[in-house]
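Read-outs: derived from the displayed coordinates by stated rules, not from any lab. Computed from a predicted model, the values in this text were never measured in an experiment. For neighbour counting, all protein chains shown are included, and Cβ atoms are generated from backbone atoms with ideal geometry for every residue, glycine included.
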Amino acid sequence: MILTTKIYSIAMIVISMIVAIAIYYIMTNASKEDKRKQLDDLTSQLVNFVLYIWLAKILLNLSLFLEDPLAVLAYPSNGEAFYVATLFTVITIAIQSYRGKLQVIPLVLTFIPVFLISVFLFEFLQLTVMDDSFVIGNIVLSGLLIVSYYWMHEKVSVDLLLMVMVTGWSAGMLALTLIQPFVTLFDYLMKPWFIGVFFVVMFSLILLKRKRWEN
């Protein structure tokens, strides 16, 4: 039953991502070449993230993996694997940026709308297909952030937009942890400490980038 539910969840994630990418492509005013380049970079990082989830699942269950690999590989990954994969992805992006192989700001500005739209669609499917009422808060939060993003993205500076998105998502998720028994993101459990660390790290990076722009 758990495995079947996870398969449904993966299918809904894939559908949500595909639709979100299509919506982003239609609604973005950039040239076709720029949009394709941005989506290629984003897709590459998403593939890395999926691979890192598998790697994290192995590392977190290394002793069991050495005894029975299939027992680890066949079992769905958990929130801890998501956290480790996020860390590995951030490190990968930082290394690629340092080597001049990746432009971080265009990647982030592509990621934000795709992420928010895919979250909204995924949680809506969870509500309608899986009858999960705990996702209503996530639907409202992602919906508000989507509207805010498209209203602000051509009216304010990039650093201010990023600050609002990071603060809005982090504050919203932390608020949900206070009023709900648990909060998930793409069916992965989100713990308050992870949300807090994410906010501090991302906000610090934005401020650092802002100082570099000013100089």
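Side notes on the structure shown:
- Qualifying residue in the stretch 136-150 (condition: without any contact (Cβ under 8 Å) to a residue 60 or more places away in the chain, touching a helix residue (DSSP H, G or I) at 6+ places or on another chain (Cβ under 6 Å) and part of a loop (DSSP other than H, G, I, E, B)): no
- The one condition from (1) buried (at least 18 other Cβ atoms within 10 Å of the Cβ); (2) within 21 Å of T86 (Cα to Cα); (3) among the hydrophobic types (A, V, I, L, M, F, W, C) that L208 does not meet is (1).
- Evaluation of P113 against the conditions (1) under 16 Å from the mean Cα position of the chain (by Cα); (2) not in a helix (DSSP H, G or I) shows that the sole unmet condition is (2).
- Candidates S133, S170, filtered to the one that is out of contact with any Ser or Thr (no Cβ under 9 Å at 6 or more places or on another chain) and surrounded by fewer than 16 Cβ atoms within 10 Å (Cβ to Cβ): S133
- Some residue of the stretch 184-193 being under 18 Å from the mean Cα position of the chain (by Cα), over 26 Å from L39 (Cβ atoms) and part of a helix (DSSP H, G or I): yes
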